[in-house]
Every structure is written in C-alpha cells, then in structure tokens.
1. Do we have any residue at all in segment 144-162 that's under 17 Å from the mean Cα position of the chain (by Cα), within 21 Å of E95 (Cα to Cα), among the polar types (S, T, N, Q) and not in a helix (DSSP H, G or I)?
2. Looking only at segment 89-96, decide whether some residue is more than 20 Å from D33 (Cβ to Cβ), modelled with pLDDT of 95 or more and out of contact with any helix residue (DSSP H, G or I) (no Cβ under 6 Å at 6 or more places or on another chain).
3. What pairs can you find where one residue is in segment 176-187 and over 18 Å from Q21 (Cβ atoms), the other is crowded, with 17+ Cβ neighbours inside 10 Å, and their Cβ atoms are less than 6 Å apart, with a gap of 6+ or different chains?
4. Would segment 209-216 turn up any residue that is surrounded by 15 or more Cβ atoms within 10 Å (Cβ to Cβ), modelled with pLDDT of 95 or more and in contact with a helix residue (DSSP H, G or I) (Cβ under 7 Å, 6 or more places away or on another chain)?
5. Do we find that M26 is surrounded by 14 or more Cβ atoms within 10 Å (Cβ to Cβ), in a helix (DSSP H, G or I) and touching a strand residue (DSSP E or B) at 6+ places or on another chain (Cβ under 8 Å) in this structure?
6. For segment 112-143, enumerate the residues that are outside any loop (DSSP other than H, G, I, E, B) and either surrounded by fewer than 18 Cβ atoms within 10 Å (Cβ to Cβ) or of a type in the set (S, T, N, Q) (or both).
7. If you go through segment 127-143 one residue at a time, how many are under 18 Å from the mean Cα position of the chain (by Cα) and among the aromatic types (F, W, Y)?
8. So which residues in segment 60-99 are of a type in the set (S, T, Y), surrounded by fewer than 19 Cβ atoms within 10 Å (Cβ to Cβ) and free of Cβ contacts under 8 Å to residues at least 24 places away in the same chain, if there are any at all?
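The values are calculated or read from the model by the stated rules, or taken from the named source; none is laboratory data. Since we're looking at a predicted model, the values are computed, not measured. All Cβ positions, even for glycine, are placed from backbone atoms using ideal geometry, and neighbour counts span all protein chains on display.
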Amino acid sequence: MRFFFLVFISVILSWSVSNGQVFKTMTLNIRLDVKSDSLDNWHLRKKEIVQFFKNKDPKIIGLQEALLHQLQYMDSSLVHYVSVGEGRDGQQKGEFSAILIDTTFFKILESGTFWLSEIPTQPSKGWDAAYPRICTYAKLKISKNGRQLWIFNTHLDHMGQKARIESVKLILQNINSLNIGNLPHLFIGDLNATPDDKPIQMLIDAYKDNLPKKIKGAKGTFNDFGRLKNMPRIDYIFGEKIKFKQYTHLTDKRRNGRYLSDHLGVMAKIELLKTE
C-alpha cells in the first residue's frame, strides 16, 4: 500500500511540474559594461552568462544594470526569451531593469516601467537617490494551463536610504493597484539593502506568509568579483500566492574560476497557489 501511495504522489508532483504549476525564476545583476573591469569585463563574461542561463533554465529572469547593447546580446543569444522594459534614462537610454521571459512557457499579456520617484510616469530621480531608478513589470499567462501572474523587477538606489524606503512603498502600492485580480506575483531584484535594513524588513513583513524556509548556497549575494570574503545579501525574490519549493544563492563561476558577475544569481523554484 505504501508503495502505491508513493507512486501516486510522484505522479501528482510530475503532473504539477509538466502542467506549469512549478517553474524557476531568477534575478541577476549582470554588471554594466565597464572597460575598467579588466579581467571581469562584460565581453569576457557574456558568453558564460548566457550559458549559465541556459543551464539553469529559469522561465523568468530579472536583470539589473543591463545597458542596451548587453540586453540586445541577451535577446539574440537566448532565442526563446523576449525582454520587456525601458532604460532608466528614458526609452533605450541608461541601465535597464529588464525582464527576460521564456515565450515557450509564458505569453506576455502586458508590461511596463515606472520610475521610483515622486513622478513615477516620467524619467526622474526620486528623494535622495544618486541615480534615476525604475521598476519593470509584466503580466504573464502560462501557455499550458492559462494561470496568470505578475512579475516586478527593480534595482534600488545604492546611496539614498530614504529613496530605498520610499521605493519599496511605491512598488508595493503599484502592485496592489495593478494586480486587481489578486493574482500570484513576484517581486525580485537588487535591493541594495541587507535583511536588517528597513526596506527589507518592510518586505519581510509584507510577505511574511510566503518566505522561503531555507536558503541554499552562499549566505550573501554581492561578491564584488571576489573581493569580498563576507558577502552581504542584497538580492532577493519575494512573492505572494506562491510556495517556494527551493531558494538558492547560486555560486557558479566562469571556467577560469572568476565570478560571472559582481553579484550572485538568486534562483527560486516556485509553485503557484490557487487563487480564490
């Protein structure tokens, strides 16, 4: 009897995965293309970053610090993915917090970008931020079963403490206003704040019923291309009406032993929960 029960459970789990209930999502700050990075220059890393994505097979990838030519390289190299988003300086200018979406798995229903400032509909710098900051979002539908969800990807300011706090408030407000159907959603990105900082405490409180029970891999996520022994955790995946099946700080490196980026990738295997 126990054998048949285990077989039944395995069949149910297998059906759940194949039917699109379970999939992987990832966030990675790919580090903008800077000539001074020397051995860690983008052009030395880009092929291995693409292969990293192919090997991990996330259905959603949130990027940070992607310049237009970097994003174009991703688009041309990851043929099943489509990117959505706008540059933080407007249209195609400046860094993107783009979302790469696997179109063999998802259909894109809508997408957009808003600025983390007092005037979120225009390219702008908010509060005490050093740079303009944005949040890119998309509403997606799983092709196999029609389930829908929202994804929000951002890169909070590295200098402005007030800007980080106000940005989190603004993103949560926009999630509530956009997600009128109370669908599952994900909030991912480089938040430039550690778990003890107020912006993350706000998010921990907002998502207290849906936090991962265990984190695999490294303790932190910002490695500064190997210059930091104790990596702070500043990259996150949060979500509502989802269940974390696995949550990992990925420690994959290039063939020469150097890091893929100055941040580690964060990947979560998630299950969409039923909505009322």
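1. Checked against the condition, which is being under 17 Å from the mean Cα position of the chain (by Cα), within 21 Å of E95 (Cα to Cα), among the polar types (S, T, N, Q) and not in a helix (DSSP H, G or I), segment 144-162 yields at least one hit.
2. Let us first name the residues in segment 89-96 that are more than 20 Å from D33 (Cβ to Cβ), namely none.
Checked against the condition, which is being more than 20 Å from D33 (Cβ to Cβ), modelled with pLDDT of 95 or more and out of contact with any helix residue (DSSP H, G or I) (no Cβ under 6 Å at 6 or more places or on another chain), segment 89-96 yields no hits at all.
3. N179/W150; N179/H185; F187/F152; F187/F238
4. no
5. Numbers: surrounded by 14 or more Cβ atoms within 10 Å (Cβ to Cβ): yes; in a helix (DSSP H, G or I): no; touching a strand residue (DSSP E or B) at 6+ places or on another chain (Cβ under 8 Å): yes.
It is false that M26 is surrounded by 14 or more Cβ atoms within 10 Å (Cβ to Cβ), in a helix (DSSP H, G or I) and touching a strand residue (DSSP E or B) at 6+ places or on another chain (Cβ under 8 Å).
6. The first filter runs over segment 112-143 and keeps only residues outside any loop (DSSP other than H, G, I, E, B), leaving 112-115, 134-142.
G112, T113, T136, K141 - these are the residues of segment 112-143 that are outside any loop (DSSP other than H, G, I, E, B) and either surrounded by fewer than 18 Cβ atoms within 10 Å (Cβ to Cβ) or of a type in the set (S, T, N, Q) (or both).
7. The total comes to 1.
8. To start, the set of residues in segment 60-99 that are of a type in the set (S, T, Y) comprises 73, 76-77, 81, 83, 97.
Now narrow it down to the ones that are surrounded by fewer than 19 Cβ atoms within 10 Å (Cβ to Cβ): 76-77.
S76 - this is the single residue of segment 60-99 that is of a type in the set (S, T, Y), surrounded by fewer than 19 Cβ atoms within 10 Å (Cβ to Cβ) and free of Cβ contacts under 8 Å to residues at least 24 places away in the same chain.
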